[in-house]
Amino acid sequence: MHSRIRLFFSLCLALTLLTTALPLPAVPAAEAAAPYDALRAKWKDVLTGGPSIDPSVPEVAAKIQAIESTAVGFQATLKRGADRDACKCLWPVSAAELPNRAYIFQSYDRIKALTLAYTTHGSSLQGDSALRTDIFEALDWLNANRFNASKPGPGSSQWWYGEIGAPLRLGEIMVMLYDELTPEQIAAWTAAIDYNSPISYSPIEEYKYMAANRVWRSIVHALRGINGETPEKMVQARDGLSDLTDGRRGDLNVFAYETTGDGFYPDGSFIQHGKFAYNGGYGNSLLKDLSDVMYLLQGTPWEVTDPRSAHVWKWVSDSFEPLLYRTGVMMDMVRGREVARYNFQDSTAGHKVTSSLIRLSLIAPDAEKAKLQSLVKELVSGDASFYTDASIEMIGRAGAIVNDPAIVPRGDISFNKTFPRMARAVHVRPGFGFGISMFSNNVANFENNFELRRGWYTGSGMTYTYTADREQYGDGFWATVDYYKLPGTTVDTKPRTLNVTESVYVNTDRRVGGVSDGQYGVVGMGLTAPGASGTSLTGKKAWFLFDDEVVSLGTDIRLSPDEPYTVETIVDNRKLNAAGDNALTVNGTPRVPALGSRENMTGVSWAHLAGNVPGSDIGYYFPGNNAVLNASRQARTGRWGDLNVNTKPTPDTPLTRNFAALWFDHGVSPQQASYQYVTLPNKTAAQTSAYAARPDIRVLANTATVQAVRERKHGMTGAFFWSAGQAAAAGISSSTVAAVLVKETPEGLNVSVADPTRAGTAPIELKLDESATGVISADPGVTVTQTYPCIRITVNPAGTEGRTLTVKFQQSGY
């Protein structure tokens, strides 16, 4: 970074201490304006960076230039005078879109961009009189014609734009312009917010405002309160996050863990819209706005004091950090339909989370502050693109953390985590991250809503391999990938429609989940075909997440003979470099070298695909050394507009990206198809070949009743039992459906068990062909009934919701 940025960062840090460490004193009613003045100044600094920013700092200069460029574009297309009266609009719009509340929000959003250029220190448009005229005339026109105390009003049609989006943008604009507003404008504009986003609703309507939507409402009320200097709104901003003041529906408390519905769950899951995994989408927005409103209210009479607000620090470690890969990207498997937004890809989502972590560090207790800053330093130090997405304020705050020698970056970490409630799993090692996206009886396969219109199989066991290639799932991946060949999925290849109703399909097989000891795990999914127009496809899929390898097994794959479709399992489908010439090596021989080529290969032992950047190669090993594998190298062309017809405007320019795919062809209407392969991230071709010659794993069972794998290097065995009746493999038997991980340790033997059905209705009785001399520890719910000559365990999964339970044994000789 430029040397002058250090001074800028130091100034920002000093301002941070002044504005966040010193609480605002309580004031008598006669001096009620004082807190509002301070709060408006505080929030204006958040939006514009404040008067202390240094435009000569390169990162700041680039941000100011982007602000100016955006404003110039919107100002050039703004309708004025007779043109405005003729079209009844501020910016060109179709007659069909003009009545929409979304257009009101879009208009305020563009006015905010103009206002940002007008009020940002160092902008060439700062204080520009012509721009000021355009801004105020546009705001007055909107208030007179589209958004006021009598129109459009709260309602169900496009409700978010009228009740949250437009009031939020108007509140931000008012903060930036407050000193230039007339009392009449303040009264009229706050009245418009009150009418369209009232404090309370009927009991039925209030259920719309859960999780992220509830926090958005809170920030709307806070901005309305500081602009209108209305204490009742400030109280609502605070209390709207917690239980309602009349004691109704405490389950709407944003800070409380959920048992059903939208919000955070104890296992780290975040659900929005009832059935969708959304940590990186709605959860991301919730974290951002919640951190903002807590920061805004800190030190005021309306500071958040709900004791459950301490859960926020656990959310960071349980719900965000595991899914925020160290190259600064938020894993797409928890971003829902937002992956289809061309301007909000995984790195942008990751940067949004990082900014929220910075904001939280300003109000966190000392211990949590240290952890947050350590994580931020890890993320930002290796990701210069953060400064492109960050606001001017966050450029300064992030730089202060990065350049503070007292803050130690978190460093690489290794972990394994399952999210039973949202049917996701993640496995991270230095140099790679691996994610699994499933769907269950209470988590739908994908959310469409006119944005992710081809996401049919994204919940059907799609796997994500993250490496140093931070653009693998960005840079047009979702606009161009073959949605019938998503990595990790088993699909029936039946032509799919773009029917919105397919997005709410849940799995009729509830055997979806897994076991994790924090470092290793076993995950399984009973597969059914997604969608109301789906087929009879069923199967059993399992993943064994060991150290630097992931073993994928599939079995009992069936499709009715009445449905003549080819069934395929996709080993991988990676985006290649611009030339599309990444080397694909199979058993030591280059294969499918040219774009447009495709091969069927027999006797495959291993394969290797060169990455796009150093540290992004992927190896594949096929146990048995006799796999029949298909491979293709393809240039694919697509448009964001084909995938997303909701986000406006969406580019319609064709994009072409190159892909290499590997897959198993199970034939037409298979009856008992299976597969097995091992993914080896970050291994060279030589390392992959050596692994295939002496693999660390051995597949012990891949049947309809049990799938099991032994990993010899770390002395562990994983098994997924699919049915009741004492199924057995690898010296382990189970009385019912269970995920089991047995690991040898210096002390003895650790046995971890979970109920992947999450039903908790039947005890899990395990028998291990091992003996023990004693029990070191056992989680509640685990009963050891025998230790010699074999080990017998009874696990009561009631109330665990798929959570892992562990027992540790002492063995002789250890």
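The values are calculated or read from the model by the stated rules, or taken from the named source; none is laboratory data. Source: prediction; values computed, not measured. Positions of Cβ are backbone-derived with ideal geometry, glycine not excepted, and every protein chain shown enters the neighbour counts.
Selection within the stretch 269-289: residues that are part of a loop (DSSP other than H, G, I, E, B) and in contact with a Lys or Arg (Cβ under 7 Å, 6 or more places away or on another chain). The member of this set that is surrounded by the most Cβ atoms within 10 Å (Cβ to Cβ) is G280. The C-beta contact set for the stretch 329-341 (first residue farther than 15 Å from N448 by Cα, second residue surrounded by fewer than 24 Cβ atoms within 10 Å (Cβ to Cβ) and among the small types (G, A, S), distance under 7 angstrom, 6+ apart or interchain) comprises V329/S347; M331/G435. The condition (being outside the structural domain of V491 (by TED's automatic domain parsing), among the hydroxyl-bearing types (S, T, Y) and touching a Pro at 6+ places or on another chain (Cβ under 9 Å)) is satisfied by just one residue among T705, T757: T757. Scanning the stretch 143-176 for residues that are surrounded by fewer than 17 Cβ atoms within 10 Å (Cβ to Cβ) and either among the charged types (D, E, K, R) or more than 28 Å from the chain's Cα centre (by Cα) (or both) returns A144, N145, A149, S150, K151, G153, P154, G155. Within the stretch 266-292, the only residue that satisfies the criterion of being touching a Ser or Thr at 6+ places or on another chain (Cβ under 8 Å) and among the aromatic types (F, W, Y) is F270. For G774, the requirement of being surrounded by fewer than 16 Cβ atoms within 10 Å (Cβ to Cβ) and either within 23 Å of P266 (Cα to Cα) or at pLDDT below 95 (or both) is not met. Within the stretch 609-649, being of a type in the set (V, I, T) and touching an Asp or Glu at 6+ places or on another chain (Cβ under 9 Å) holds for V613, I618, V628, V645, T647. Selection of the stretch 416-457 for residues being among the aromatic types (F, W, Y), in contact with a strand residue (DSSP E or B) (Cβ under 9 Å, 6 or more places away or on another chain) and more than 22 Å from G611 (Cβ to Cβ) yields F419, F439, F446, W456, Y457.
The set of residues from the stretch 97-111 being closer than 25 Å to I53 by Cβ and surrounded by fewer than 21 Cβ atoms within 10 Å (Cβ to Cβ) comprises just one member, D109. Scan the stretch 177-190 for residues that are surrounded by fewer than 12 Cβ atoms within 10 Å (Cβ to Cβ) and either outside any helix (DSSP H, G or I) or not assigned by TED's automatic domain parsing to the domain that holds L116 (or both) and jot them down. Matches in the stretch 177-190: T182 only.
Of all residues in the stretch 435-458, those that are buried (at least 24 other Cβ atoms within 10 Å of the Cβ) and closer than 24 Å to D517 by Cα total 6.
Scanning the stretch 746-770 for residues that are at pLDDT 95 or above and of a type in the set (S, T, Y) gives S752, T757.
Report yes if G799 is outside any strand (DSSP E or B) and not basic (K, R), otherwise no. So G799 fits the description; yes. A residue that is part of a loop (DSSP other than H, G, I, E, B) and either free of Cβ contacts under 8 Å to residues at least 40 places away in the same chain or among the small types (G, A, S) (or both) can be found somewhere in the stretch 462-470. Only one of the numbered conditions (1) touching a residue at least 24 places away in the same chain (Cβ under 8 Å); (2) of a type outside the set (S, T, Y); (3) assigned to a loop (DSSP other than H, G, I, E, B) is not met by E599, and that is (3).
Suppose the filter is touching a helix residue (DSSP H, G or I) at 6+ places or on another chain (Cβ under 8 Å), hydrophobic (A, V, I, L, M, F, W, C) and assigned to a loop (DSSP other than H, G, I, E, B); does F147 pass it? For F147, the condition - touching a helix residue (DSSP H, G or I) at 6+ places or on another chain (Cβ under 8 Å), hydrophobic (A, V, I, L, M, F, W, C) and assigned to a loop (DSSP other than H, G, I, E, B) - is met.
Residues of the stretch 414-448 that are more than 19 Å from S317 (Cα to Cα) and touching a helix residue (DSSP H, G or I) at 6+ places or on another chain (Cβ under 6 Å): S437, V443, A444, F446, E447, N448.
Given T806, T757, T761, which one is of a type in the set (V, I, T), exposed (fewer than 15 other Cβ atoms within 10 Å of the Cβ), under 21 Å from V737 (Cα atoms) and in contact (Cβ under 8 Å) with a residue 12 or more places away in the chain? Checking each option against the conditions leaves just T761.
The single condition among (1) among the charged types (D, E, K, R); (2) surrounded by 24 or more Cβ atoms within 10 Å (Cβ to Cβ); (3) part of a loop (DSSP other than H, G, I, E, B) that D404 does not satisfy is (2). Which one is surrounded by the most Cβ atoms within 10 Å (Cβ to Cβ), of the residues in the stretch 583-619 that are within 30 Å of the chain's Cα centre (by Cα) and closer than 12 Å to A661 by Cα? Across the stretch 583-619, the extreme among qualifying residues is H608.
Please specify each residue of the stretch 760-794 satisfying the condition of being touching a Pro at 6+ places or on another chain (Cβ under 8 Å), part of a strand (DSSP E or B) and polar (S, T, N, Q). Of everything in the stretch 760-794, just one residue is touching a Pro at 6+ places or on another chain (Cβ under 8 Å), part of a strand (DSSP E or B) and polar (S, T, N, Q), namely T794. If you check K369, K352 for being surrounded by fewer than 24 Cβ atoms within 10 Å (Cβ to Cβ), at negative phi, free of Cβ contacts under 8 Å to residues at least 40 places away in the same chain and in contact with a Leu (Cβ under 9 Å, 6 or more places away or on another chain), only one passes: K369.
Taking the criterion of being under 30 Å from R397 (Cβ atoms), among the polar types (S, T, N, Q) and at pLDDT 95 or above, the residues of the stretch 51-89 that qualify are Q65, S69, T70, Q75.
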